[in-house]
Each structure stands twice: as C-alpha cells, then as structure tokens.
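Colleague: There's a structure below that I have some questions on.
The values are calculated or read from the model by the stated rules, or taken from the named source; none is laboratory data. Quick caveat, the model's predicted, so the values are computed rather than measured. Heads up, the Cβs are rebuilt from the backbone with ideal geometry, glycines too, and the neighbour counts pull from every protein chain shown. The protein model used for the area step is the full one, side chains on, heavy atoms only, and it has no ligands, DNA or RNA in it. Shrake-Rupley method; radii C 1.70, N 1.55, O 1.52, S 1.80 Å.
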Amino acid sequence: MASYKNNIKIHEHVKVVPPSSSNQSTTTTPLTFFDIICLRFHPVERIFFYTLPNSQSHPSFFFQKIVVNLKSSLSLTLQHFLPIAGKIVWPSDSSKPFIQFNPNDNDNGVSLLIVESDADFNHVIGNSPHEASLSRSFIPNLESSDSFASIISYEARTPLRVGVSRYYLTPNHHGVFDGKSSSMFIKAWAYLCNKESPTLLRELEPLLNRDFIKDTNENNSIEMLSKIFPSEKGNERSLKISPFEPKFEESVRATFKLTREDLDKIKQRVLSKWELFDTNESKPHTLSSFILTCAYLIVTIAKAINGVKKEKEKFSFMFAVDCRARLEAPIPSNYFGNCVSGHFIDTDPLDFNKEDGVFVVAKCIYEKIKMIKEKGVFEGKILDVFVKYYSLNSEGYEIIGVTGSNRFGVYEIDFGLGRPEKVEIVSTDRSLTIGLAESKDGNGGVEVGLVPNKHVMDLFSTLFLEGL
C-alpha cells in the first residue's frame, strides 16, 4: 500500500522558549535508569484533533488568534517544565547523558511548526479502517544524532481552504518522560492557554527532582543501555533514536470502542468461568477496565493473525506499570520523568487462540498485577524483560504490547476550542501495539487504536463484533 501524501504550506517554524526571566542560567537535569533504558526508543507520537466553530474557522483567526495564544501559553508552560526546553546531551567528559537547557543556545526551545494542509480531516478522524500512512504523514520530525537529541516537537495544522477547521499537535522523546508525564505537560499547556495568569493548578505542577530514583548495582543504566541497543563498535555513546520503522505495507489504522456495557459483559463472562477451572486463586470481586480491554483485544487480534497467517500460533503480551506508588519509597504522582517498568504475563504461547482465551489471558494479567502489588515492580532485574523480549522474538513469537491509558484523561484537554474530536496514538504503527484512551463520551468506556495488516484487520473487525 502506497504511503499517503498531502500538500502542505509551511506558515511558520519557530523555537518557543520560556520567558527570559526564568532562563537566566544553564540548568542540567540528570537522567535516571528509568529514563536511560528508554533513551533510544522511538518517540511517543500522539495527535489531538479539534473542530473549530464556524465563527473561528477562517484561516486568519487560526493564525492571528489561536497560533499566537498557543505560542505564548507554551512559553509560559515551559517555565514550569524547564528541562523540556533543552535537549539531551552526552559530553565526552560525562559518564552519562543528561538534559541541558542553555539560554544562550539558539537550538534550545520547543519546535513549533505551523502548517496549512489539504488533507481530508474527516477521513483522518474516522474510526473505520484507512491507510496507516495517512496519520504518519502528519508527524513532525524529532531530531536526534550521536551527540544530542531533541526532547519534544509540536505541529499545528489547519486546512488550506476556508471552512470548518481542525488542528493537532505532537512527538515526545521517550527518554525524558512517560505517558503520564507527557499528558501532564499537555494538560498544563492547555490550562494556561485558557488563563491570563501563569499559575498552574497544584496537580499540574511537575516534580522535577530526580533524586527520588537511584541506580542500583542490579540496574546499572549505562550497561543496560548498551545491551538493549547494541551499537557499532566505537559508537556506544550514541543518542540517535533507533530506527523502529513503521510497517506501512498493507497496513491500515482503525479505532474500536468498548462501552461500559461491553466491558461489563466481558467481565461477567470472565468471572463466571473463574471457579470452573482448577485454580488456587479465589475469584476477584471485580476486574479493571484495563484488564478486560487488554484481554479481549489481544486475544481477538491473536485469533485474527492466526486466521490469516496459520503459521503464527505463538503469542505473548507485555505491558508497562506505573512505578510511582510502587517503589520501596513511593514518590508523588506528579513526578515528571519516566517511571514505568515492563512486564510479561505468564501464559502458554497457545493460550491466546483457545476458546476460553479471554478468560485465560485476563486471569494471567490479573495475577501479574497482583504479584507486582505484593512483591514490587522489581521482582527481577529490569534488563530481564528485554532479554525475554529478544528471546521470544527470535523464537518467532508475536509480541503484543499496549501504549497509552484510559486513565490519562486525554479527552479532557481543552485549548479553548472544546474537547478533542479525536485523539490518536500514531506510533502504534511501529509494532504490534494497541493504543488505549478513555471513551470520548465519558461513559466509562475505552477507545482502542490498532494498526495491523489489512487482511488481519478485516478478520479482527468481524471477530471483535461477534465477540460482543
């Protein structure tokens, strides 16, 4: 399938920096082992689509009002999140990379690209399957090289023609913040976009102190980095993002919804089978939306893949856990940075295709989360999950991941234009990953984004509806 191209006109490309009063001296921020193990992963790429009222849909309003407000509020937000205005560097005299903001460096600041486009936004924001390359064509570049890496890049776009307009923003360097921190920053920006005061709500004030998290002998960050991302000899200190290329050939993107009623149905089916199987685990009183959504989706996608590619029988599932409240010394929820750990569930590789696959997988996710709560997030070395990943991958497993969360509240983010029309995690096109968000209508449901092969998507859509 050919990549989608759209005609664009670049209106402005600026570097937004904090107000001068807040950036008088160079500041450095260390990277923890949570940050460093993510240092060369592809960025999290997320798009927010907004529909403008007819009264605000003319391009002149977009450029003279909305863009001006976006730039000024972004500058104010950066004074609270100063590291984001810098870049990741790794000087030759430093044993570790770190974040540096230098007010005298013209390359510092957040890149903001203002663009006009002739893309059909109605097509882009549709939930039904469409070319995966379409959303990918909107993503601004995040610079990285051996010596430095940009932290964040945003783009605002409006149609070339007068009419109902939409615009969006996006990607974040995974080595600086996780999904929770990224969402906090965008919420803070949106909040200041609606206020004349530069003061943030208390829950949006980031905790930037990295002293809460310490490297241990078991989790040496630089050693882990070299093992996770083996570089060419003599280039072990590279900060260049690894080329996790999107898989466009025959790939399509679609969004599926599970309502609160759908989740309740899945929950009742799973719980009704709990005591029918030989298990030492007592039946839980309830199951979270995360467990139910992941179990239903990954079993359905596994069956779809196996139905199209008969040789694909072995599957595994891994997910990330927020460690803030689960460290030996818990840290505040507004800690800004990476603080997640990855975990595989303990399943047989053929469980995903069984008739009772949803129950089996839901039970395994539940037991893994329960074990994490009881034993902590580090039941082994952090490196173990990467060793297992490479091992399973070499053995021909299809590894299914998940990104985003139905708890981030992305549909609450209002830049003065109302709630988003659609929020999409574009980076799910780089691997077999489902992207989660809460339901836009706020009824307790979940939205799920997926980018598989076209034939797999056709079968998945059928199985998804039949299963409900």
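Colleague: Any chance you could list the semi-axes, whole Å, largest first, of the equivalent ellipsoid that the Cα gyration tensor gives for region 308-417, using √(5λ)?
Modeller: Equivalent ellipsoid semi-axes, largest first: 28, 20, 14 Å.
Colleague: Sticking with this structure for a sec: Send over a whole-number figure in Å² for the accessible area per residue of region 299-415, probe 1.4 Å.
Modeller: For region 299-415, the per-residue accessible area is 45 Å².
Colleague: Probe radius 1.4 Å, ligands and nucleic acids ignored: give me the carbon and sulfur share of the accessible area of region 305-381 as a rounded percent.
Modeller: 49 percent
Colleague: Sticking with this structure for a sec: Say each of Ser145 and Ser92 gets a label point 7 Å from the Cα, pointing the same way as Cα to Cβ; how far apart are those two points in nm?
Modeller: The answer from the label model is 1.5 nm.
Colleague: Report, to the nearest whole %, how much of the accessible area of region 87-150 belongs to carbon and sulfur atoms, 1.4 Å probe, protein only.
Modeller: Here carbon and sulfur together make up 39 percent of the probe-accessible area.
Colleague: Now for a different question. log10 I(q)/I(0), Debye, Cα-only region 394-468, no solvent, q = 0.21, 0.22, 0.27 Å⁻¹?
Modeller: -1.04, -1.10, -1.28
Colleague: Report the paramagnetic label zone for His285: residues of region 347-372 whose backbone N is under 17 Å from a point 7 Å from Cα along the Cα-to-Cβ axis.
Modeller: Those under the cut-off are 370.
Colleague: Can you put Glu12, Glu466 in order of accessible area, largest first, using a 1.4 Å probe?
Modeller: The ordering from most to least exposed comes out as Glu466, Glu12.
Colleague: For a distance above 22 Å, tell me the whole-number percent of Cα pairs in region 32-133 that qualify.
Modeller: 54 percent
Colleague: A further question follows. For region 53-166, give the share of DSSP beta bridges that are antiparallel, in percent and rounded to the nearest 5; count only bridges with both residues there.
Modeller: 50 percent
Colleague: Would you please report the Å³ per residue occupied by the convex hull of the alpha carbon atoms in the chain?
Modeller: 155 Å³
Colleague: Hey, could you grab the Kirkwood Rh for region 293-338? Inverse mean 1/r over distinct alpha carbon pairs, Å, one decimal.
Modeller: For region 293-338, the Kirkwood estimate is 13.6 Å.
Colleague: Can you pull the percent of region 387-468's accessible area that's carbon plus sulfur, 1.4 Å probe, other chains left in place?
Modeller: The C+S portion of the solvent-accessible surface of region 387-468 is 48 percent.
Colleague: Take each uninterrupted DSSP H stretch in the chain, measure its Cα extent along the helix axis, and return the ones at 24 Å or beyond whose mean Kyte-Doolittle hydropathy is at least 1.0.
Modeller: Span-like helices here: 289-308.
Colleague: About the Cα centre of region 45-153, how large is the charge dipole given +1 on each Lys and Arg Cβ and -1 on each Asp and Glu Cβ? Please answer in debye to the nearest 20.
Modeller: Its charge dipole is roughly 360 debye.
Colleague: When only the heavy atoms of the protein chains count and the probe is 1.4 Å, how do Phe61, Phe256, Phe336 rank by accessible area, highest first?
Modeller: From most exposed to least exposed: Phe61, Phe256, Phe336.
Colleague: Evaluate the distance, in nm, between pseudo-label points positioned 7 Å from the Cα of Leu271 and of Leu463 along their respective Cα→Cβ axes.
Modeller: 2.6 nm
Colleague: If the limit is 20 Å between Cα atoms, which of Lys65/Lys440; Lys314/Lys363; Lys247/Lys454; Lys247/Lys354; Lys267/Lys312; Lys247/Lys312 go over it?
Modeller: Table pairs above 20 Å Cα-Cα are Lys65/Lys440; Lys247/Lys354; Lys267/Lys312.
Colleague: What's the center-to-center distance, using Cα atoms, between region 301-365 and region 384-436 in Å?
Modeller: 12 Å
Colleague: Now for a different question. Give the cross-link partners of Lys375 among the aspartates and glutamates, using a straight C-alpha distance below 14 Å as the criterion and excluding same-chain residues fewer than 8 apart.
Modeller: Result set, ordered by chain and number: Glu328, Glu367.
Colleague: With no solvent and one point on each alpha carbon, what is the Debye value of log10 I(q)/I(0) for region 90-161 at q = 0.11, 0.12, 0.13, 0.25 Å⁻¹?
Modeller: -0.46, -0.53, -0.59, -1.22
Colleague: If you don't mind, another one. Taking the Cα centre of region 263-406 as origin, work out the dipole magnitude from +1 charges on Lys and Arg Cβ and -1 charges on Asp and Glu Cβ, in debye rounded to 20.
Modeller: Roughly 340 debye for region 263-406.
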